[in-house]
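Working notes, structure below.
The values are calculated or read from the model by the stated rules, or taken from the named source; none is laboratory data. Every value quoted in this text rests on a predicted model; they were computed, and no experiment measured them. Positions of Cβ are generated from backbone atoms using ideal geometry, with glycine treated the same way; all protein chains shown enter the neighbour counts.
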Amino acid sequence: MLKNKDITFIGIFAALVIVLQAIAEIVRLLGLPVSLALGLVPVLVAAELKGMKIGALMGLVFGLTSMVLAIIAASSLPIAVVIINPLVSVLPRVLVGVTCGGVYKALTKEDQSKARKIFNSATATLTGIVTNTVLFLAMFVAFSYGKTYGDTTVDFKWVVASVIAINTLIELIAFTVIVPAVVLAVDSWRKNRNVSI
């Protein structure tokens, strides 16, 4: 049974997932050469702060948001039809919350130093990003390899050039800085005020 504070947390973070992923889609539509998974940030933060179950729930919200955005984009971007498949868009994102939350819980002990907390969060964040990238791309390629969508033929060269080379590198660097900073700030606020979230 969820507590009121959990329901509030889920509502706020679900809204963050939707808004951030919509912003990422707008950035891509503006023609910028990146398509970052901004909705991943609140999923990772939620998984570290609240554990695997709520992390998985936020991953579900992220995956459903990606699927809906793909449905909207499919008419102008034919390759988006692959992402409509929930095995591509939803399942990997649910598992992000599970792996990130699980790694963070396994590493975290009581009364650890700030440096150790940063390390724990960064490690869990990296695990989540790698889970998202590997599982999403594996499912994407499994359902689309060798097929042509508009002017794009999906092969390993396309995957490496368009996704791994730019997007994953930016996510690995940026999210590994952002997520631990947010998690530590919330954790510090919680302890100073002696409240739980």
- prompt: Name the helices (runs of 4 or more DSSP H) wholly within the range 85-197 that hold at least 2 residues that are more than 19 Å from Leu44 (Cα to Cα) and at pLDDT 95 or above?
  reply: 86-89
- request: Please verify whether the range 154-162 includes one or more residues that are surrounded by 14 or more Cβ atoms within 10 Å (Cβ to Cβ) and under 14 Å from the mean Cα position of the chain (by Cα).
  value: no
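Can you name the residue in the range 101-135 that is charged (D, E, K, R) and surrounded by 14 or more Cβ atoms within 10 Å (Cβ to Cβ) and, of all such residues, is nearest to Gly63 (Cα to Cα)?
Start the filter on the range 101-135 by keeping residues that are charged (D, E, K, R), which leaves 105, 109-111, 114, 116-117.
Pick out the ones that are also surrounded by 14 or more Cβ atoms within 10 Å (Cβ to Cβ) and you get 105, 117.
Details: Lys105: 23, Lys117: 28 Å.
Among them, the one singled out is Lys105.
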message: So, Met58, is that one farther than 19 Å from Phe140 by Cα, surrounded by fewer than 20 Cβ atoms within 10 Å (Cβ to Cβ) and touching a residue at least 40 places away in the same chain (Cβ under 8 Å) or not?
response: no
task: Under 6 Å between Cβ atoms, at least 6 apart or on separate chains: pull out the pairs that start in the range 70-84 with a residue that is over 13 Å from Leu29 (Cα atoms) and end on any residue that is small (Gly, Ala, Ser).
output: Pro78/Gly150; Val81/Ala74; Val82/Ser144; Ile83/Ala70; Ile83/Ser89; Ile84/Ala70
task: Could you figure out which of (1) of a type in the set (Gly, Ala, Ser); (2) closer than 17 Å to Thr127 by Cα; (3) not in a helix (DSSP H, G or I) isn't true of Ser76?
output: (2)
